[in-house]
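Once you've had a glance at the structure underneath, I'll fire off some questions.
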Amino acid sequence: MADIVPPPPLPFDIEDLDHSQPAYRTFTGPAVTAEEANTAEWRRAVLAEQTAGIDQVNGLFLRWGLGFALSDPRTLAWVPSGRIGYWGGWGGSMGVVDLDRRMTIGYVMNRMGGDILGSDRSADYIGAVYEAMT
């Protein structure tokens, strides 16, 4: 993984936000500095399972790391096993970070599909990338 570069200072005072709103909670904690995120321990935690089960929003079985879904054939059989984090978007977009193979795959379509996590097109594209790597 590449080192995390800290962002520039926020263009507003955080204390002006409503403290009960998600934006305030997002900006105020828990704090993660670039130095923390660049440690081996933090990087291992990104792909360590934090929780698993049926997602309350999309109804899919998901294994979660920190900010990424983790590969599991019950969710997307076309994402291989290993140290892989991924996420996709409504319409078919998909991003895959594969540490074992030292590669990242991104797919953004120019025509949205009706899928909620990946699509047949993203599955074909990502499958072709993995096929080319073998």
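Using θ = phi - 60° and the Karplus relation 6.51 cos²θ - 1.76 cosθ + 1.60, list the HN-Hα couplings for segment 73-87 in order, rounded to whole Hz, with x at every Gly or Pro.
My calculation for segment 73-87 gives x, 6, 9, 10, 5, 7, 8, x, 7, x, 7, 10, x, 8, 7 Hz in order.
Rounded to a whole number of µm²/s, how large is the Stokes-Einstein D of segment 1-76 at 4 °C and 1.567 mPa s, given Rh as the Kirkwood radius over C-alpha pairs? Don't skip to the end; give the middle numbers.
Working: Rh = 15.0 Å.
Estimated via Stokes-Einstein, D reaches 86 µm²/s.
How much length is gained on full extension from V57 to A40, taking 0.36 nm per residue of separation minus their Cα-Cα distance?
The span from V57 to A40 would gain 3.0 nm if fully extended.
Mind sorting S20, S71, S81 by how few other Cβ atoms lie within 10 Å of their own Cβ, fewest first?
Fewest-to-most Cβ neighbours within 10 Å comes out as S20, S81, S71.
From the convex hull of the Cα coordinates of the chain, what is the mean projected area in square nanometres?
Projected over every direction and averaged, the Cα hull of the chain covers 10.3 nm².
By per-residue mean of other Cβ atoms within 10 Å, what is the highest-first order of 116-128, 95-107?
Output ranking for 116-128, 95-107: 116-128, 95-107.
Okay, next question. Run the numbers for W87 and E131: contour at 0.36 nm per residue of separation, minus the present Cα-Cα distance, in nm. Let's see the in-between values first.
On the way: separation 44, 0.36 × 44 = 15.84 nm, distance 2.02 nm.
So the extension gain works out to 13.8 nm.
Loop only per DSSP, at most 12 neighbouring Cβ atoms within 10 Å: give me the GluC sites (Glu not before Pro) in segment 6-61, ordered by residue number.
Taking segment 6-61 and a limit of 12 other Cβ atoms within 10 Å, the loop GluC sites (Glu not before Pro) found are E49.
If you don't mind, there's one more thing I want to ask. Calculate one ³J(HN,Hα) per residue across segment 54-61 by plugging θ = phi - 60° into the Karplus curve 6.51 cos²θ - 1.76 cosθ + 1.60, and present them in order as whole Hz with x for glycine and proline.
6, 5, 6, 9, 9, x, 8, 6
Segment 42-101: which chymotrypsin sites (Phe, Trp or Tyr not before Pro) are DSSP loop and have at most 13 other beta-carbon atoms within 10 angstrom? Spell out each step's value before the answer.
On the way: sites: W42, F61, W64, F68, W78, Y86, W87, W90; in loops: F68, W78, W90.
Passing both the DSSP loop test and the Cβ count: W90.
Turning to a different aspect of this structure: Among A37, A23, A69, which one moves the most in a GNM of the chain with springs linking Cα atoms closer than 10 Å?
A23
With axes computed from alpha carbons, what is the tilt in degrees of helix 120-133 against the longest principal axis of the chain, rounded to the nearest 10 within 0 to 90?
The two axes meet at around 80 degrees.
Computed from the coordinates by the stated procedures, all read-outs in this text should not be read as laboratory data. Note that the coordinates shown come from a computational prediction; the quantities given were computed from them, not determined experimentally. So basically every Cβ, Gly included, is an ideal-geometry build from the backbone, and we count neighbours across all protein chains shown.
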